[in-house]
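> Mind having a look at this structure? Questions to follow.
The values are calculated or read from the model by the stated rules, or taken from the named source; none is laboratory data. Please read all numbers here as calculations on a predicted model, not as lab measurements. Cβ placement follows ideal geometry from the backbone for every residue including glycine, while neighbour counts extend to all protein chains displayed.
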Amino acid sequence: MIHINLLPVRQLLKKKRARQEVSALAVALVLLLAVLGLIGLRQSSRVASLTAQLASLNQEKQHFQAVISQIDKIKKDQAVIDNKMTVINNLKGASQLPARVLDEIANLTPSDRMWLTALDYGGNTVTLAGTALDNATVADYMNRIGKSDLFLTPELKNSSLVKVGNQKLKSFSLTFNVLAPPPAPAPPAPGAKKK
């Protein structure tokens, strides 16, 4: 015998499965929206925190910018002072140079064999005129000047025989250059370590 099932079981199962799928999809959608909402809240709180941190850092930057500008001004002032000190030291050294030149010439001149009659010191050039007992004394004097740390090798401009009293003496004139003193070293920067 043949049984005929008139109840639409298959259709009811299909509808039941469709409802289950729709409800599962709705639950998944609600869960997805909840997760996205939580992520959004977390991101917005993080953005707010980072914005507050950025504002705080900008405020600190403004504070430090004032300090940095003061440090730059102090460095510029220090450089100006260092330049002035270097100029002062160079001027001090240059002002002592004529005294050193005269002292060196006096120490090199043999007072028992030679007499200086004229001395001209201008720029870095010294011109001497004097009288000596003989040519050997003049040559020895030139050697002494050439060996000095303060003078360059002298050049004999002229030499002639002169009669002073009963004696025949040598009149001479020399020219030589003075070595310029080395410039004063710049003072060390504040806080610089000594070697």
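For (1) outside the structural domain of Ser173 (by TED's automatic domain parsing); (2) more than 30 Å from Ser171 (Cβ to Cβ); (3) touching a Lys or Arg at 6+ places or on another chain (Cβ under 7 Å); (4) loosely packed, with under 11 Cβ neighbours inside 10 Å, each residue gets a yes or a no:
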| site | (1), (2), (3), (4) |
| --- | --- |
| Gln62 | yes, yes, no, yes |
| Asp77 | yes, yes, no, yes |
| Val87 | yes, yes, no, no |
| Leu102 | yes, no, no, no |
| Arg113 | no, no, no, no |
| Val126 | no, no, no, no |
| Met142 | no, no, no, no |
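> Separate question: Take segment 79-106 and flag every residue that is over 16 Å from Ala180 (Cα atoms) and among the small types (Gly, Ala, Ser).
Scanning segment 79-106 gives Ala79, Ala106.
> Continuing with this model, one more query. Residue check: is Val164 closer than 20 Å to Val178 by Cα and out of contact with any Gly (no Cβ under 8 Å at 6 or more places or on another chain)?
It is false that Val164 is closer than 20 Å to Val178 by Cα and out of contact with any Gly (no Cβ under 8 Å at 6 or more places or on another chain).
> Conditions first: (1) surrounded by 10 or more Cβ atoms within 10 Å (Cβ to Cβ); (2) within 39 Å of the chain's Cα centre (by Cα); (3) not polar (S, T, N, Q). Leu33 passes all but one, so which condition is the exception?
If we test Leu33 against (1) surrounded by 10 or more Cβ atoms within 10 Å (Cβ to Cβ); (2) within 39 Å of the chain's Cα centre (by Cα); (3) not polar (S, T, N, Q), just (2) comes out false.
> Do we have Val178 as surrounded by 12 or more Cβ atoms within 10 Å (Cβ to Cβ), at pLDDT 90 or above and either closer than 30 Å to Lys76 by Cβ or touching a Phe, Trp or Tyr at 6+ places or on another chain (Cβ under 7 Å) (or both) here?
So Val178 fails the test.
> What are the residues in segment 93-126 that are in contact (Cβ under 8 Å) with a residue 60 or more places away in the chain and of a type outside the set (A, V, I, L, M), if any? Reasoning before the result, please.
First pass over segment 93-126, keeping only residues in contact (Cβ under 8 Å) with a residue 60 or more places away in the chain: 93-94, 97, 101.
Of everything in segment 93-126, just one residue is in contact (Cβ under 8 Å) with a residue 60 or more places away in the chain and of a type outside the set (A, V, I, L, M), namely Gly93.
> For segment 144-154, which residues satisfy the criterion of being among the basic types (Lys, Arg) and surrounded by 15 or more Cβ atoms within 10 Å (Cβ to Cβ)?
If the condition is that a residue be among the basic types (Lys, Arg) and surrounded by 15 or more Cβ atoms within 10 Å (Cβ to Cβ), then Arg144 is the only one that fits.
> Identify all residues within segment 89-100 that are among the aliphatic types (A, V, I, L, M) and either farther than 20 Å from Asn124 by Cα or surrounded by 11 or more Cβ atoms within 10 Å (Cβ to Cβ) (or both); write none if there are none.
Leu91, Ala94, Leu97 - these are the residues of segment 89-100 that are among the aliphatic types (A, V, I, L, M) and either farther than 20 Å from Asn124 by Cα or surrounded by 11 or more Cβ atoms within 10 Å (Cβ to Cβ) (or both).
> How many residues are in a strand (DSSP E or B) and of a type in the set (Ser, Thr, Tyr) if we restrict to segment 112-160?
7
> Among the numbered conditions (1) in a strand (DSSP E or B); (2) among the charged types (D, E, K, R); (3) in contact (Cβ under 8 Å) with a residue 24 or more places away in the chain, tell me where Lys163 comes up short.
Result: Lys163 passes all but (3).
> Specify which of the listed residues (Thr137, Thr131, Thr117) is exposed (fewer than 12 other Cβ atoms within 10 Å of the Cβ), in contact with a strand residue (DSSP E or B) (Cβ under 9 Å, 6 or more places away or on another chain) and not aromatic (Phe, Trp, Tyr).
After ruling out the rest, the residue left standing is Thr117.
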